[in-house]
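These notes are about the structure you will find just below.
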Amino acid sequence: MVAPSPPIDLADGVTRRHRAAVGRALSLVEDRRPSSTETVVRLLDALRKQSRGDSRRIGFTGPPGAGKSSLVSALARELRKRGLTVGILAVDPSSPRSGGALLGDRARIDPDPHDDGIFVRSMASGGDLGGLARAAFSAVEVLSAAFDRVLVETVGVGQSETDVELVADTTVMVLQPASGDILQFLKAGILEIPDVFVVNKADLGEVAERTRRDLTASVKHARAAGLAFHEPSILSVSAIDGSGVPGLADAVGQTLDALAGSGDLAVRRREGACAWTEKALARRVGELGIEALGGRVALRERVEKRVREGACGLSIAVDLERDAIRTLRATA
């Protein structure tokens, strides 16, 4: 009998929710050394084969200072009360010296250290403008294999944080009262991304309620103008005193159930996987490499085919990178 390979052993530990295995797997997917790539691909393939398939991914985005971390902590506690295990991926700004996560795992999110049903991991953004780290897609796959719910918090860089929709099944936009963010997001054309809007800091009273009313009106006008195509939930929540947090858990749960029931959840995952894979490949081979693969339209068709077959994004990117390099060398 052939002994299981280390990636398969590690995948088994992840699906059993062994904290040390989850931590090692996340460190592995963050390792950018080319020598680690094949091991990561084998790990992700093993996780896909062992995955339960019922984990759900919730993304949190919004401007700095809106209280995303506090809200993620509050929602995680509520989900634990409901018997769900929770993995949290908090994407932090990168240290200009080390390149690592600047704030660290528990500087912003403080779980119960005695609760084995919750796991928090910080990941450096690496300066990416989309609000997520390059390894975030693979990290979410690791956490999804271990936990019922995966909460993904973006770095908080402003209007450019739209990559979260590529890794999340549903997205929560967090705003703070009287900040002027509503108009800016309307101008940026990203009001169509979130399924749930949260006006945090509802404990501030009337100013928070006025912001909620303004947001409701803005979304209504955006839908009328064709700038948004679905009707999101709009909630007032206080991460400080907990008011509205059960309602947020309900709204997110109802959204996820509706997406799963309609088949849109599977569509979102496929589209997110395709878009993330194409971005990863573009970083690896550049425009010349993409042209060597037949251009972006042909590339999308190849990626979509592999995603539908169940391949992980990193595996697809690695294979296509090799094809691009062979083609470029042959035509040099």
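Could you give each residue of the stretch 244-249 its phi-based ³J(HN,Hα) in whole Hz, using Karplus coefficients 6.51, -1.76, 1.60 with θ = phi - 60°, and x for Gly or Pro?
In residue order, the calculated couplings are x, 5, x, x, 5, 4 Hz.
Residues with amide H under 5 Å of residue 150's amide H, sequence separation 5 or more or different chain, H placed in the peptide plane at 1.01 Å from N; which?
Placed amide hydrogens put 56, 57, 58, 87 under 5 Å from residue 150.
Once you put a point 7 Å from the Cα of residue 12 and another 7 Å from the Cα of residue 37, both along the Cβ direction, what distance in nm separates them?
Inter-label distance under the simple model: 2.9 nm.
Answer rounded, prolate or oblate for the stretch 48-87, using the Cα gyration tensor with square roots of eigenvalues a ≥ b ≥ c: rounded when a/c is under 1.5, else prolate when a/b is larger than b/c, else oblate. Present the calculation step by step, with values, prior to reporting the outcome.
Working: a/c = 4.20, a/b = 1.67, b/c = 2.52.
In terms of gyration-tensor shape, oblate.
Of all alpha-carbon pairs in the stretch 1-51, indicate the percentage at a distance above 12 angstrom.
On the way: 769 of 1275 pairs.
So the portion of pairs separated by more than 12 Å is 60 percent.
Express in nm, to one decimal, how much length is gained between residue 309 and residue 20 on full extension, taking 0.36 nm for each residue of separation and deducting their alpha carbon distance. Numbers along the way, then the final one.
Numbers: separation 289, 0.36 × 289 = 104.04 nm, distance 3.08 nm.
Extra length from residue 309 to residue 20 when fully extended: 101.0 nm.
Taking the number of other C-beta atoms within 10 Å as the exposure measure, put 173, 123 in order starting with the fewest.
So the residues, fewest neighbours to most, are 123, 173.
If you take every residue apart from residue 319 with its C-beta less than 10 Å away from the C-beta of residue 319, what net charge results, scoring Lys and Arg +1 and Asp and Glu -1? Numbers along the way, then the final one.
Numbers: positive: 302, 306, 322; negative: 321, 323.
In short, +1.
Would you please calculate the Kirkwood hydrodynamic radius of the stretch 193-332 over all C-alpha pairs and express it in Å, rounded to one decimal?
18.3 Å
Using only Cα atoms, locate the centre of the stretch 25-69 and the centre of the stretch 203-245, then give the distance between them in Å, rounded to an integer.
Rounded to whole Å, the Cα centres lie 30 Å apart.
Suppose we take every Cα in the stretch 202-284 and form the convex hull; what volume per residue is that in Å³? Mind dumping the intermediate values first?
Working: hull volume 12.1 nm³, N = 83.
About 146 Å³ per residue, rounded to a whole number.
If you take the charge dipole of the stretch 249-297 about its Cα centre, with +1 on Lys and Arg Cβ and -1 on Asp and Glu Cβ, which of 286, 265, 251 is farthest toward its positive end?
With unit charges placed on the Cβ atoms, the residue in question is 286.
Between residue 27 and residue 301, what length comes free when the chain is fully extended (0.36 nm per residue of separation minus the Cα-Cα distance, one decimal in nm)? Mind showing how you got there, number by number?
On the way: separation 274, 0.36 × 274 = 98.64 nm, distance 3.15 nm.
Here the answer is 95.5 nm.
Just name one of 55, 27, 74: the one whose Cα is farthest towards the positive end of the charge dipole of the stretch 1-95 (beta-carbon charges, Lys/Arg +1, Asp/Glu -1).
Of the options given, the answer is 74.
Can you sort 283, 270 so the residue with the fewest Cβ neighbours within 10 Å comes first? Walk me through the numbers before you get to the answer.
Details: 283 11, 270 14.
Least crowded to most crowded, the residues run 283, 270.
Laboratory data are not the source of any read-out in this text; all were calculated from the coordinates shown. Remember, it's a predicted structure, so these values are computed and weren't measured experimentally. Neighbour counts run over all protein chains shown; Cβ positions are idealised from the backbone, glycine included.
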